[in-house]
Amino acid sequence: MLSNEKDTTRKASFLPIPSFGYSQETGLELGVGAIFSYYTDRKDTLTRSSNFSLNATYSTKKTYNVALKGDAWSPGNKYHFIGDVRFKRMPFNFYGIGNNTQKADEDKLIMNQIKVLFDAEQSFISHAYTGVSLGFENYKFTDQITGGIFSNSPGILDKDGGSVIYIGISQSYDTRNSNNYPSKGFFGRVTYQFAPRFFDSESFSGSQIKLDVRNFWPISKKIVLGVQGIYYTIQGSNKPFYLLQQMGNDQIMRGYYGGRYRDENLIASQLELRYRFMNRFGIVAFAGAGKVFNNDDVNLKRLKPNFGVGGRYFFDTAKGLSVRLDYGVGEKLASEKRQSGFYISLAEAF
């Protein structure tokens, strides 16, 4: 676990991590995280590693969070499959809609979520992948404190929850030298998902578009500069609040509470300087900016900043798989504490 020598046998690796935590909303939370990685062709050094991760927790207040993600590559990288399955019953804080929500409006809700997404891509020309996707999401919400912004705001649609089914297409171009810890190369992916009015006459019908662009440059043998930019948008009729784009998570705009800011559009960018001073250990510094906005207010004004540092432990040095610890800081609003967040995750942020 501490050796700096790389394993050249390309054998499979498995790492379980116990997890625990405590908050007033969930009580004592216990669970496990794990990642399993392997090659579909161990002899072909160009075949990328396939990774499956699991995070499962349960709390003394009967909340739970189960997430299973898969990223699989066929021999020669001809086919690429992505899967994401989530079951969740968790409390969260709702602050309203828009880029200027206030801490004073914090409203406590409980969310029950089922989410299933599958993508399949095929490479027809070198480095390019064309794919199709199918997804389903179901939500139910309970307002723990009536009379707050959630119950009193007429512009918040589908407060009890609902379901959506969507089908999609994607196109990507990927020249990275690794899908886990790239040190050079470009990655770009655009997805289009359409949700028909499937369940009832008042359900959401529309489109979601996501654009994700990344590039990596080797500064030296041990230092890499990575840059990422994203743009997500949802368009259509009867857009429920839970399908609006949300800013802040453990991958981009670290330091902001997920869902503190949500709206029809999200734009964000970040750069990260990675210093892997040993095969087993590395440190990073990152900074970025982003915002959410509605379709009637398209501009780049009032971008919110974020910055932070992190540490890496590479449990599989050959594949570049790591346990990631990040501390991110966001903006300081008047009469509020500076927004910040601490994250423990598996694999790189991007």
Taking the stretch 218-253 on its own, how many of its residues are under 17 Å from ARG176 (Cβ atoms) and not in a strand (DSSP E or B)?
-> 2
State which residue is farthest from THR317 (Cα to Cα) when the search covers only the stretch 1-54 and only residues that are of a type in the set (Phe, Trp, Tyr) and at pLDDT below 90.
-> TYR22
Which residues, taken from the stretch 14-34, are of a type outside the set (S, T, N, Q) and either in contact with a Lys or Arg (Cβ under 9 Å, 6 or more places away or on another chain) or more than 24 Å from PHE81 (Cα to Cα) (or both)?
-> ILE17, PRO18, PHE20, GLY21, TYR22, GLU25, GLY27, LEU28, GLU29, LEU30, GLY31, VAL32
Scanning the stretch 124-137 for residues that are surrounded by fewer than 18 Cβ atoms within 10 Å (Cβ to Cβ) and in contact with a Lys or Arg (Cβ under 8 Å, 6 or more places away or on another chain) gives PHE136
Of all residues in the stretch 26-54, how many are part of a strand (DSSP E or B) and touching a residue at least 40 places away in the same chain (Cβ under 8 Å)?
-> 5
Only listed residue being in a loop (DSSP other than H, G, I, E, B) and over 28 Å from LEU244 (Cβ atoms), chosen from ASN299, ASN279 | ASN279
Could you grab me the full set of residues in the stretch 304-344 that are surrounded by fewer than 19 Cβ atoms within 10 Å (Cβ to Cβ), of a type in the set (S, T, N, Q) and within 18 Å of GLN270 (Cα to Cα)?
-> SER340
Just one of the numbered conditions (1) polar (S, T, N, Q); (2) without any contact (Cβ under 8 Å) to a residue 40 or more places away in the chain; (3) out of contact with any strand residue (DSSP E or B) (no Cβ under 9 Å at 6 or more places or on another chain) is not true of THR57; which one?
-> (3)
In the stretch 308-347, residue nearest to LYS69 (Cα to Cα) [restricted to those that are touching a Phe, Trp or Tyr at 6+ places or on another chain (Cβ under 6 Å) and in a loop (DSSP other than H, G, I, E, B)] | GLY320
Residue check: is VAL298 in contact with a strand residue (DSSP E or B) (Cβ under 6 Å, 6 or more places away or on another chain) and either surrounded by fewer than 21 Cβ atoms within 10 Å (Cβ to Cβ) or without any contact (Cβ under 8 Å) to a residue 12 or more places away in the chain (or both)?
-> no
Can you tell me which residue among ALA67, ALA34 is of a type in the set (A, V, I, L, M) and within 30 Å of SER151 (Cβ to Cβ)?
-> ALA67
Take the residues of the stretch 174-194 that are over 30 Å from PHE277 (Cα atoms) and of a type outside the set (Lys, Arg): which is farthest from the chain's Cα centre (by Cα)?
-> PHE194
For the stretch 24-64, which residues satisfy the criterion of being small (Gly, Ala, Ser) and more than 22 Å from the chain's Cα centre (by Cα)?
-> GLY27, SER59
Unmet criterion (only one of (1) within 21 Å of GLY98 (Cβ to Cβ); (2) in contact with a strand residue (DSSP E or B) (Cβ under 9 Å, 6 or more places away or on another chain); (3) assigned to a loop (DSSP other than H, G, I, E, B)) for ILE267 | (3)
Only strands (runs of 3 or more DSSP E) wholly contained in the stretch 65-151 count here; list those with 3 or more residues that are at negative phi and among the polar types (S, T, N, Q).
-> 107-125, 128-143
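The values are calculated or read from the model by the stated rules, or taken from the named source; none is laboratory data. In this text the structure is predicted, and so the values were computed from the model without any measurement. Every residue, glycine among them, receives a Cβ derived from its backbone with ideal geometry; neighbour counts consider all protein chains shown.
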